[in-house]
1. Tell me, what is the percent relative contact order of region 121-247, built from C-alpha pairs under 8 Å that lie six or more residues apart?
2. For the chain, modelled as a GNM with alpha-carbon contacts under 10 angstrom, which of 77, 155, 136 fluctuates the most?
3. Taking the chain as a Gaussian network, where each spring joins two C-alpha atoms under 10 Å apart, which residue of 150, 235, 194 fluctuates the most?
4. Calculated from DSSP H runs of 4 or more alone, at -39500 (n - 2.57) each and per residue, what is the 222 nm mean residue ellipticity of the chain, nearest 500?
5. At a 10 Å Cβ-Cβ cut-off, how would you order 58, 129, fewest neighbours first?
6. How much length is gained if the chain between residue 41 and residue 188 is pulled fully straight, taking 0.36 nm per residue apart and subtracting their Cα-Cα distance, in nm to one decimal?
7. Antiparallel versus total DSSP beta bridges in region 121-247: what percent is that, nearest 5?
8. Give the Rg/Rh ratio for region 95-253, taking Rg as the radius of gyration of the Cα atoms and Rh as the Kirkwood radius, to two decimals.
């Protein structure tokens, strides 16, 4: 069987930056075990598989170790592939996912995703593995729980420099199980800066993570007294995002560029 494969760098204008995602357009679903094996072989933070439906596409994402409930950069990359490589002429792309209906539209040269708002809540007794794993104590720790034991912690620091200088211990952070760790601080040249660690999902550090902005945007809206944000994810590769809070939804926009097109033979 031959399957088209595109590797797209998301949230960047330039190859070798942003977050690389593998995109596999399918005519019909493969067995989940086969999709997981392909994602493991790709060894990127996400591999996306999409199948046409009556209104748009069904979309699923896999990390190197498991299927994900929500992914931003691979959704952005999927839209880029559909518009620029597959020839879809839709003004707005509709994706049916495990997190409900997600849409992507064009706005000038940006691709704008519409995602759910996932606001964090107070975390009275955060696990000590957060501080031990990050190697530094944040000013505040909050959390967003998708299900019991699954979601993200949000560690808030005072400066972008602190966020950039973190040297996390992935083995310790991996003890948090299904909880990833978002770290953030006011940005030097953007409204806020962030990094994201999810070793339990096979992702020691995700280069640029669209979905964490579903949490960062509602968190930052109150102290900054604004609804629109320019954000930087300050991993080694780095990425740029443009976000807006719209009630119970968050728009997350960015650029994308194709690094590679080829064929999987399985």
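1. Value for region 121-247: 19 percent.
2. Answer for the Gaussian network model of the chain: 136.
3. Of 150, 235, 194, the Gaussian network model singles out 150 as fluctuating most.
4. -5000 deg cm²/dmol
5. Lowest to highest Cβ neighbour count: 58, 129.
6. Numbers: separation 147, 0.36 × 147 = 52.92 nm, distance 3.71 nm.
Full-extension gain reported as 49.2 nm.
7. 70
8. With Rg and the Kirkwood Rh in hand, the quotient comes to 0.94.
Coordinate-derived values only; no laboratory data. Model, not experiment: these values are computed from the prediction. A quick note on method: Cβ atoms are made from the backbone with ideal geometry, for glycine too, and the neighbour counts reach across all protein chains shown.
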